[in-house]
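One structure is given below, encoded as structure tokens.
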Amino acid sequence: MPERPFRQEFTWPSTPRSLHGEGSDWRLTASLDWARGNWYTRILGFRIAAELLGAYVGEHRGEQDVLIFPFLYNWRQHIELALKQLVIEAEKLLDVRKPAPTGHKLEPLWARLRSLLEQSGHGSTEELDNVGSAIAELHAMDPSGDAFRYPLSLDGKPTLAAVNRLSFDRVTAALVPVSDFFEAADTAISVALDAKGDLERELARP
């Protein structure tokens with residue numbers, strides 16, 4: 001088994017320690033205030049975390065049986081947040097007034113977003129089908145967002161019971177294009193929203 005780079009010597013809670021405050025190295029201290037309320041920092045953060053876990057397994061060739069769970073959870077959370085953020089932005093662009101998306105089921109979120117992308121002309125049918133296929137597989141493995149976090153469901157049955165083998169490189173190869181497609185759609189929608197705002201302000205001038 002490879003040596004774990006983050007493993008420390010055994011530590012006992014003999015003194016109180018706080019989670020808050022500056023660390024010993026400014027590069028290890030995150031600033032949360034500038035991105036408060038920002039979707040993208042979390043969307044990007046979960047993708048980076050998934051990619052780092054995949055890179056670790058690829059480099060060290062070990063601990064894949066335990067790291068697969070946080071790896072998949074980070075990818076799933078990334079996809080879920082990207083879907084929700086895109087739904088909000090696309091509905092704003094199309095003047096659709098609906099409650100913000102909630103819940104953790106990926107397929108209904110994708111169905112809602114796909115309709116919006118088709119209306120706004122973002123993505124070909126083939127691209128949308130391919131994105132939908134990957135999301136459907138991810139949703140089937142973990143419909144409620146709990147299977148990668150817990151070994152048992154609420155009714156006491158083992159989660160991921162129908163899944164025996166998963167490859168880090170195959171998962172990455174399937175989900176990176178989905179993530180990249182979402183990022184491109186987000187950029188296009190943001191540009192369109194800016195143009196729409198400019199036009200509305202111009203028309204509102206006396």
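Each reported figure results from applying straightforward, stated rules to the coordinates on display, with no laboratory input. It should be emphasised that the depicted structure is a prediction, and the values quoted were computed from it without experimental measurement. All Cβ positions, glycine included, derive from the backbone under ideal geometry; neighbour counts span all protein chains shown.
What to note about this one:
- Spin-label zone in segment 89-108 - amide nitrogen under 20 Å from a point set 7 Å from the Cα of residue 118 along the C-beta vector: 89-98, 101, 106-108
- Between 29, 187, 125, the GNM of the chain built on Cα springs shorter than 10 angstrom shows 29 fluctuating the most.
- Fluctuation leader among 164, 130, 74 - the chain, Gaussian network, Cα springs under 10 angstrom: 164
- Count Lys and Arg as plus one, Asp and Glu as minus one, and take only other residues whose Cβ is under 13 Å from that of residue 183; the net charge is then -2.
- Segment 136-206, Cα convex hull volume normalised per residue, Å³: 128
- Dimensions of the chain from C-alpha coordinates, computed as largest minus smallest value along each principal axis and given longest first, are 70, 45, 35 Å.
- Degrees, to the nearest 10: 106-120 long Cα axis against longest axis of the chain: 30
- Across the options 199, 55, 21, the greatest Cα extent toward the positive end of the charge dipole of the chain (unit charges at beta carbon of Lys, Arg, Asp, Glu) belongs to 21.
- Lys-Lys pairs in the chain that are eight or more residues apart or on separate chains and whose Cα atoms lie under 23 Å of each other come to 8.
- A simple count of charges around residue 98, restricted to other residues whose Cβ falls under 10 Å of its Cβ and scoring Lys, Arg +1 and Asp, Glu -1, yields +1.
- Calculated from backbone phi, Karplus (6.51, -1.76, 1.60) coupling profile of segment 177-192 in Hz, x at Gly/Pro: x, 5, 4, 5, 4, 4, 5, 5, 5, 4, 4, 5, 5, 4, 4, 5
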